[in-house]
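Remarks on the structure that follows.
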């Protein structure tokens with residue numbers, strides 16, 4: 001009986017994990033479509049600037065998504081607010097480019113400062129986004 005009680009939330013866990021995974025995959029696809037530089041190719045070529053920028057963006061997106069899951073009432077809630085988090089994170093990318101319009105070219109060239117700037121801006125924006133989604 002204890003095992004059954006211990007696994008009562010397994011279906012909900014799998015539903016939330018699956019939904020979060022799909023939304024995160026959607027974010028990755030949209031982010032790679034929006035950015036002019038080819039993140040995955042650059043990371044495969046050991047471009048640290050691209051890896052830092054992409055990692056900051058991904059973590060910056062997952063922070064509000066985790067907050068959404070923790071406070072959600074159902075999977076529809078997660079999907080709606082996950083979409084909002086996705087849009088906000090993409091906007092953060094465009095805002096981070098304002099002081100550095102050639103940031104994608106600089107990341108392609110392996111300039112660590114550019115990757116660190118974009119990754120840090122994405123992460124900071126994600127932290128603020130997560131805090132604003134506390135309801």
Across (1) free of Cβ contacts under 8 Å to residues at least 40 places away in the same chain; (2) farther than 14 Å from residue 133 by Cβ; (3) over 14 Å from the mean Cα position of the chain (by Cα), residue 77 clears everything bar (2)
The stretch 1-54: helices (runs of 4 or more DSSP H) wholly inside it with 2 or more residues that are touching a helix residue (DSSP H, G or I) at 6+ places or on another chain (Cβ under 6 Å) are 10-34, 39-44
Going through the stretch 86-104 in order, the residues found to be surrounded by 13 or more Cβ atoms within 10 Å (Cβ to Cβ), part of a helix (DSSP H, G or I) and either over 12 Å from the mean Cα position of the chain (by Cα) or in contact (Cβ under 8 Å) with a residue 60 or more places away in the chain (or both) are 86, 89, 90, 93, 96, 97, 103, 104
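Which one of 118, 58, 65 is buried (at least 22 other Cβ atoms within 10 Å of the Cβ), closer than 13 Å to residue 31 by Cβ and either modelled with pLDDT of 95 or more or in contact with a helix residue (DSSP H, G or I) (Cβ under 7 Å, 6 or more places away or on another chain) (or both)?
Numbers: 58 fails: buried (at least 22 other Cβ atoms within 10 Å of the Cβ); 65 fails: closer than 13 Å to residue 31 by Cβ.
Within the list 118, 58, 65, the selection yields 118.
The values are calculated or read from the model by the stated rules, or taken from the named source; none is laboratory data. Small disclaimer: the values here were computed from a predicted structure and weren't measured. Note: ideal-geometry Cβ built from the backbone for every residue, glycine included; neighbour counts use all protein chains shown.
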